[in-house]
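Working notes, structure below.
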Amino acid sequence: MSTPPAELRERLRRHHQDHVLYGWDQLDHTQRAQLVEQLAAIDLAELENLYRQVLTTKNTLPDSLEPVPLTAPTFTAEEKARGEDALRQGQVAVLLVAGGQATRLKTSEPKGMFPVGAVSGATLYQIHAEKVLALSRRYRRPLLFLIMTSPATDAPTRAYFEENNYFGLARTQVRFFQQGTMPAVGADTGQLLLAAPGKLLLSPNGHGGAFTALADSGLLSELMDRGVEHLFYFQVDNPLVKVCDPGFLGRHIATAAEASSKVVIKTDPAEKVGVLVASRGRCAIIEYSLLPPELAAAREAGGELRFRAGSPAIHVFRMTYLQRVTEMAADSLPYRPAFKEVEHFDPQRGDVVKPAGQANAVKFERFIFDALPHAERWLVVPTARAEEFAPIKNAHGPDSPETARAAMIALHTQWLAQAGIDTRGHPVEISPLLALDAEELAEKIHAQTVLLQEKVLHGPHVLR
Ligand code: UTP
């Protein structure tokens with residue numbers, strides 16, 4: 001290909017994007033083919049439209065906003081049994097989204113490879129995988145573990161699982177699939193950004209890309225063919241998540257909910273979590289940056305925040321609902337703009353631009369929670385923050401590795417205390433393979449105590 005295809009040149013010219021052909025003559029054959037392929041996958045008119053919306057849209061809040069009704073914070077024995085039954089019968093699969101670029105944490109590796117175990121140094125991936133393994137053992141059924149990656153995280157994530165023998169999971173139990181990408185554009189210009197001459201700057205299309213990626217990869221229909229009815233969804237950055245909490249699954253199943261969400265109760269209006277709200281009988285999440293300060297700070301007569309249902313991004317989705325959402329029009333999960341600082345190649349200057357503390361680019365992302373209003377039946381369960389939510393977002397300060405490690409130590413210390421063991425302030429960590437919750441730990445410790453007691457009473461013994 002000596003010159004760019006005429007049709008492409010014309011399309012670029014029409015949308016004022018010809019600058020992406022900068023340096024064409026210096027590109028080799030493969031680079032040229034790759035650039036043409038990248039451009040073929042982009043709907044320039046849609047991009048132009050999205051950028052125009054960024055400039056004009058002021059308020060995307062639903063017109064009616066009510067606090068979301070919360071169901072009971074504890075689960076009944078029946079609910080738990082129902083969830084356990086679904087796990088035993090292979091009706092549940094797990095979806096971990098791990099395609100993010102972890103810009104705030106500033107690591108070069110995928111966030112899942114970040115060591116978070118306070119004592120063991122176990123990574124987020126290891127902790128999550130061991131929870132899936134422990135559940136598979138407990139319910140004697142290999143739980144399918146789907147991991148969504150992006151071009152930024154795919155190869156290192158696969159290699160990491162391979163090197164670590166899938167943390168004891170069967171190779172066939174772990175299924176990777178890649179989410180789509182979207183081009184980033186200049187914040188002031190709407191023009192496509194280049195990573196280098198001949199190479200567009202693309203970024204993962206948001207965790208909301210999970211639905212279409214599941215469908216496009218064939219996994220959605222494969223899971224349904226295998227009898228999977230519910231998908232437990234969580235994000236890579238939360239080491240405390242109770243993966244496939246049986247009571248949560250049971251309530252979701254028993255109420256025929258299509259989308260169920262856990263929430264943590266917000267006490268600080270400025271806390272950076274999305275808030276679940278009800279709007280005309282449907283459930284929605286308002287991003288923290290979009291909730292007007294007066295609504296974020298509004299209080300009930302009792303003093304608690306009116307909009308206090310903070311989202312830790314823990315959901316269960318019914319597969320039939322996922323299928324319905326993926327079959328809807330593309331804009332049923334809209335692209336939302338995110339202003340970011342992005343290093344890129346500037347063809348006008350012929351050099352790389354490093355942003356200096358100011359957002360210079362717009363990325364477009366889909367959010368998983370934009371699917372919630374499509375659920376006809378839904379439910380919301382409050383969960384204790386200390387038991388289930390310690391996200392790692394920043395390198396230091398709030399929501400950082402330090403706060404997550406401290407939360408893990410505090411929780412595991414509490415579990416041990418419930419089982420009658422005093423750690424006297426020493427840091428402890430409980431592997432998911434020993435226990436997934438306080439009850440399991442207490443049972444195991446009790447069983448060991450009874451065993452040791454019997455041994456001691458029945459003659460001389462060396463205790464090993
Ligand atoms: P965040 O929105 O917190 O993004 O993702 P991030 O990549 O972890 O961090 P920043 O914003 O760049 O600092 C929440 C969850 O959604 C996943 C992330 O991997 C994380 O589990 N995610 C995010 C995706 O899977 N794909 C995306 O395109 C974006």
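Computed from the coordinates by the stated procedures, all read-outs in this text should not be read as laboratory data. Every value quoted in this text rests on a predicted model; they were computed, and no experiment measured them. As a convention, Cβ positions derive from the backbone with ideal geometry for all residues, glycine included, and neighbour counts pool all protein chains shown.
If I ask for residues that are touching a strand residue (DSSP E or B) at 6+ places or on another chain (Cβ under 7 Å) and either surrounded by fewer than 19 Cβ atoms within 10 Å (Cβ to Cβ) or among the hydroxyl-bearing types (Ser, Thr, Tyr) (or both), which ones from the range 187-207 would you list?
Of everything in the range 187-207, those that are touching a strand residue (DSSP E or B) at 6+ places or on another chain (Cβ under 7 Å) and either surrounded by fewer than 19 Cβ atoms within 10 Å (Cβ to Cβ) or among the hydroxyl-bearing types (Ser, Thr, Tyr) (or both) turn out to be Gln191, Ala195, Ala196, Pro197, Ser203.
Would it be correct to say that Leu372 is within 16 Å of the ligand (Cβ to nearest atom) and part of a helix (DSSP H, G or I)? Yes; evaluated as a whole, the condition is true for this residue. You will find that of Val275, Val243, Val264, the residue that is under 21 Å from the mean Cα position of the chain (by Cα) and within 22 Å of His374 (Cβ to Cβ) is Val275 and no other.
Pairs are defined by a Cβ separation below 6 Å, a sequence spacing of at least 6 or placement on different chains, a first member in the range 77-92 that is within 21 Å of Glu258 (Cβ to Cβ), and a second member that is acidic (Asp, Glu) and surrounded by fewer than 21 Cβ atoms within 10 Å (Cβ to Cβ); the pairs so defined are Gln91/Glu229. If we keep just the residues of the range 88-129 that are of a type in the set (S, T, N, Q) and more than 18 Å from the chain's Cα centre (by Cα), which is nearest to the ligand (Cβ to nearest atom)? Across the range 88-129, the extreme among qualifying residues is Ser108. Every condition in (1) loosely packed, with under 14 Cβ neighbours inside 10 Å; (2) in contact (Cβ under 8 Å) with a residue 60 or more places away in the chain is met by Glu429 except one, and the failing one is (1). Can you pull out the residues in the range 130-160 that are assigned to a loop (DSSP other than H, G, I, E, B) and more than 18 Å from the chain's Cα centre (by Cα)? Scanning the range 130-160 gives Tyr139, Arg140, Arg141, Pro142, Leu143.
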